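> Got a structure for you, questions after.
The values are calculated or read from the model by the stated rules, or taken from the named source; none is laboratory data. Fair warning: this is a prediction, and the values are worked out from it, not measured in the lab. We place every Cβ from the backbone using ideal geometry, glycine too, and count neighbours over all the protein chains shown. Only protein heavy atoms, including side chains, enter the accessible area calculation; ligands, DNA and RNA are left aside. Shrake-Rupley method; radii C 1.70, N 1.55, O 1.52, S 1.80 Å.
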Amino acid sequence: MPWRRRRNRVSALEGGREEEAPPEAAAVPSALLTSPQQTEAAAERILLRGIFEIGRDSCDVVLGERALRWRPIQPERPAGDSKYDLLSKEEFIELKDIFSVKLKRRCSVKQQRSGTLLGITLFICLKKEQNKLKNSTLDLINLSEDHCDIWFRQFKKILAVMEYEGHALSLLKECELQGFDGGHRKPLFAIHWSVQRLFTGMQTLELSVVCVGGDGSASEVAHALLLRAQKNAGMETDRILTPVRAQLPLGLIPAGSTNVLAHSLHGVPHVITATLHIIMGHVQLVDVCTFSTAGKLLRFGFSAMFGFGGRTLALAEKYRWMSPNQRRDFAVVKVLANLKAEDCEISFLPFNSSDDVQERRAQGSPKSDCNDQWQMIQGQFLNVSIMAIPCLCSVAPRGLAPNTRLNNGSMALIIARNTSRPEFIKHLKRYASVKNQFSFPFVETYTVEEVKVHPRNNTGGYNPEEEVEDETASENCFPWNVDGDLMEVASEVHIRLHPRLISLYGGSMEEMIPK
């Protein structure tokens, strides 16, 4: 029986039960090194070494501190034999890409709980094209119970992430769950007791929040997490100059009509990719804005539109009986048919990237204390966008703010001055193409840290359907689109950026940061 012969071979080579490598085994033998990756492994301490069948080959498997490496065991051949070099090429996976492990068993109908041990299965996250992720498995086949037990326990030790017993429960007590019931217009979310457990039965306990929904739901949960953090820090939540960072990371699984935030995080609106980022613990710190009026905090958010963007959302909200795409398209057409500019005064603080200023702001110094110069522009504006993230979506694959990043400490201020309807439509259509949507004489872009938008006319609550009374807007209130949610304000709105204020699961593999 091949499996039995293979197990006897392991026993003969290793002297029976496998033990952990001694401390002096600090490098992979130089005879195994044939690539730059393998050369790097020479400085990596070996944790375990043994023989497993991978695919159809018996392999020499080395578990290091950063990677699992293996190469087929081949009979000795003359030096310089190119065929031997090809067959014995080393393969590896990085440990950071392994998210779970289990013992692999063959179970019969009568064996409901346990069966014949076959080896170990590793669950791996792989990167595909266009920022997509996929899950895969790697089977390490060996019939020795002792051999597999040592390796299994070592993998479990590597994957353990619990800080201390009771840590998750203590954090859970700090969360307010009222108002989040998955009902109508409420974000469907859950306390995340290790997504690994849902998929593979891991017992790791890690607390975070996962939101399944669109931009409005995601923004609402992010606002709740940040508001809770301020309360825990003993801050007055009505007036916040230097907010503290959210205590729990937030995972976003896109299930809305646009999914701008999730798309910007992952580079693609892909449910499996979003889920794997959560499973793998890929955490990205993201900049957040505060929206205030008369010194009072209105909400936390990531992006906002005033003028055309705000009016379109205000009208779409009146037709929620339509599907999301239908009411969006309907509202866009109606607002364009009654296109109107807002008379505004816009003040902004340009982004200062000097190290001393950024360090001072990172330490919590209010921006008003810095010797920065505010700038002001006035006039008739069709649309004003303030965005702290790129705002990728299906209708704008390059992003509504393509020059902005998730955590570069600045916002994009994009202003469309009054122009003809055909020219404004040309500008909107450019978002769906690869051409520069800002190369119009009436479009201005700025990189900023703070913005104040002060409407100067009395047409707040303007309804594109002038024959229909707007029941949702109060007199002299102006509609804002904040992360897909309607916000109505009667006076000046002050938008202030706060760098790296919340941890979100996602981002490209190269941008990952440790938790």
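> How far apart, in nm, are two points set 7 Å out from the Cα along the Cα-to-Cβ line at V333 and at I73?
7.1
> Cβ neighbours within 10 Å, averaged per peptide: list 63-70, 126-133 in order, most packed at the top. All intermediate terms of the calculation are to be shown ahead of the outcome.
On the way: 63-70: 19.6, 126-133: 13.5.
Ranked from most to least packed, the peptides come out as 63-70, 126-133.
> K134 versus D146, label points 7 Å from Cα toward the beta carbon: distance in nm?
Distance between the two pseudo-spin positions: 4.0 nm.
> Rank K134, K89 by accessible area, highest first, at a 1.4 Å probe radius?
Numbers: K134 90, K89 130 Å².
Heavy-atom accessible area, descending, gives K89, K134.
> Another question about this same structure. Sort region 258-346 into rounded, prolate or oblate with this rule: let a ≥ b ≥ c be the square roots of the eigenvalues of the Cα gyration tensor; rounded if a/c is under 1.5, and if a/c is not under 1.5, prolate when a/b is larger than b/c, oblate otherwise.
Working: a/c = 2.75, a/b = 1.38, b/c = 1.98.
Oblate.
> Also, I was wondering about something else. Grab the Cα-Cα distance for E444 and K429, subtract it from 0.36 nm times how many residues apart they are, and report the gain in nm with one decimal.
Working: separation 15, 0.36 × 15 = 5.40 nm, distance 1.68 nm.
Result for the pair: 3.7 nm of gain on full extension.
> Starting from 0.36 nm per residue, how many nanometres of slack lie between W374 and M322 once their C-alpha separation is accounted for? Mind showing how you got there, number by number?
Values: separation 52, 0.36 × 52 = 18.72 nm, distance 4.33 nm.
Result for the pair: 14.4 nm of gain on full extension.
> Given labels modelled 7 Å from the Cα in the Cβ direction, how far is it in nm from R239 to R105?
Those two pseudo-labels are separated by 6.4 nm.
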